[in-house]
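The values are calculated or read from the model by the stated rules, or taken from the named source; none is laboratory data. Please read all numbers here as calculations on a predicted model, not as lab measurements. In this analysis, Cβ positions are derived from the backbone assuming ideal geometry, glycine residues included, and neighbour counts consider all displayed protein chains.
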Amino acid sequence: MERIGKVTMDKTKYQMIADEIKDKIIDQIFKLNEPIPPELQLQKDYQVSRHTVRQAIGLLVNEGYLRKEKGSGTYVDDAYKKTSESRKNQKTIGVITTYLSDYIFPSIIRGIEKALSEQGYSLLLASTNNDHQQEKNCLEKMLQFGVDGLIVEPTKSNEYNPNLALYVRLREQGIPMVMINAVYEELAVASICVDDVKVGFKGTEYLIQQGHQRLLFITKIDDLQGKYRMKGFIQACEAYGIQFSPEDIITYTTDSRGKLGEKVLLQLKESASTAIICYNDQVASQLLDEVIAKGYQVPQQLSIIGNDDSSLSQMGAVKLTTLTHPKERMGKDAAEWIIHTIQTGNQGENIVYEPSLVIRDSVSAAKNGE
């Protein structure tokens with residue numbers, strides 16, 4: 001598995017040195033099975049430290065352009081040709097997610113990786129950190145690499161995306177594509193998602209059934225999931241005759257999550273709400289700590305419900321009531337969708353998962369009169 005982390009256009013010194021040595025190997029200035037200049041000479045030639053030279057050599061050894069022979073030196077190798085031939089015969093699926101190591105994403109990636117590996121496919125992994133410029137860099141890298149299929153979690157899917165033309169280019173090249181968790185509504189692309197309207201509806205409905213009428217709804221507004229979950233919240237309130245004010249829906253973005261606690265605490269004081277429906281477990285866990293620190297008793301005074309049934313929902317003194325997200329299964333289904341489309345030439349159907357409640361400790365029945 002290869003990873004593209006935060007892709008940047010600037011190269012480090014050791015990468016530039018490695019590229020120059022690589023060019024000399026390809027042009028046969030440095031010939032096969034002959035030694036390259038010693039480290040001290042390379043230090044003088046490039047005016048860099050020994051550590052930088054060793055980084056460059058290490059990179060080329062890993063890529064198969066050089067080999068180190070103990071007690072003898074560093075020699076030109078042609079193992080990179082075998083790697084290149086192997087890559088031609090093995091199909092590679094590009095995977096772009098908003099994050100790699102945070103929250104539910106490792107489980108999704110694990111599902112993708114396992115399914116691809118079982119079918120002999122390799123994985124090229126990238127993350128955008130929910131940033132459009134980084135998404136552009138990742139997409140360009142996928143185009144340069146020539147991936148055979150693409151699994152994408154959209155970046156800020158509820159905002160205009162300046163990278164739509166790149167996605168069109170990928171489709172024009174016949175590269176199968178499926179989106180997970182959300183979709184760019186401007187593109188007719190297959191998707192694998194949880195029914196987020198039902199997520200919002202079921203979480204709200206459960207709190208209403210527990211007698212709560214003064215509700216706060218917290219949602220992320222730059223991602224499409226947040227828009228759909230808010231729709232479910234409104235539908236549930238209408239279905240059960242629950243009134244809410246504009247201030248009872250608190251929104252945030254990728255960049256403003258850090259200020260969310262302050263906004264929620266202020267609205268709790270203003271509205272005397274008894275229950276909060278959160279965008280996900282990450283937000284619910286954050287708010288749980290903040291409200292307890294301010295003296296609220298959960299769930300006796302304030303009920304909180306999350307979403308995604310992540311590991312965060314089971315941490316801490318109060319275990320979160322939440323809704324399910326299939327995570328690893330979603331990754332597996334996305335990988336199998338791509339493989340099926342590549343092998344048959346027929347695009348698979350959209351997949352929508354039905355969420356269900358996971359009842360734990362953070363919700364209790366409202367007291368009479370609340």
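Couple of notes before you dig in:
- So GLU113, is it crowded, with 17+ Cβ neighbours inside 10 Å and in contact with a strand residue (DSSP E or B) (Cβ under 7 Å, 6 or more places away or on another chain): yes
- Criterion (touching a helix residue (DSSP H, G or I) at 6+ places or on another chain (Cβ under 8 Å), modelled with pLDDT of 95 or more and closer than 13 Å to PRO154 by Cβ) met by exactly one of MET177, MET230: MET177
Residues checked against (1) under 29 Å from the mean Cα position of the chain (by Cα); (2) at pLDDT 95 or above; (3) surrounded by 18 or more Cβ atoms within 10 Å (Cβ to Cβ):
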residue: LYS198; (1), (2), (3): yes, yes, yes
residue: LEU207; (1), (2), (3): no, yes, yes
residue: GLU262; (1), (2), (3): yes, no, no
residue: LEU268; (1), (2), (3): no, no, yes
residue: ILE277; (1), (2), (3): yes, yes, yes
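- Pairs, first among the small types (Gly, Ala, Ser) in segment 58-79, second surrounded by 14 or more Cβ atoms within 10 Å (Cβ to Cβ) and in a loop (DSSP other than H, G, I, E, B), C-beta under 7 Å, six or more apart: GLY64/ASP77; ALA79/GLY64
- Subset of segment 293-316 (residues that are among the hydrophobic types (A, V, I, L, M, F, W, C) and free of Cβ contacts under 8 Å to residues at least 12 places away in the same chain): ALA293
- Among the residues of segment 116-146, the ones that are in a loop (DSSP other than H, G, I, E, B) and surrounded by fewer than 23 Cβ atoms within 10 Å (Cβ to Cβ) come to 7 in all.
- Inspection of segment 153-167 identifies at least one residue that is in a loop (DSSP other than H, G, I, E, B), at pLDDT 95 or above and touching a strand residue (DSSP E or B) at 6+ places or on another chain (Cβ under 7 Å).
- Applying a threshold of 7 Å to beta carbon distances and a minimum spacing of six or more residues, or different chains, the list of pairs starting in segment 119-135 at a residue that is in the same structural domain as VAL95 (by TED's automatic domain parsing) and ending at one that is part of a strand (DSSP E or B) and among the charged types (D, E, K, R) reads LEU124/GLU2; LEU125/GLU2; LEU125/ARG3.
- Residues that are among the small types (Gly, Ala, Ser) and closer than 22 Å to ASP281 by Cα within segment 89-126 comprise SER101, SER107, GLY111, listed in sequence order.
- Within segment 290-313, one or more residues are surrounded by fewer than 17 Cβ atoms within 10 Å (Cβ to Cβ), part of a helix (DSSP H, G or I) and charged (D, E, K, R).
- Residue within segment 102-115 that is at pLDDT below 90 and either over 25 Å from LEU150 (Cβ atoms) or in the same structural domain as TRP337 (by TED's automatic domain parsing) (or both) present: yes
- Matching strands (runs of 3 or more DSSP E) fully within segment 182-262 where at least 3 residues are over 25 Å from VAL291 (Cα atoms): 190-194
- Some residue of segment 336-353 being exposed (fewer than 14 other Cβ atoms within 10 Å of the Cβ) and either of a type in the set (Gly, Ala, Ser) or within 23 Å of GLN282 (Cα to Cα) (or both): yes
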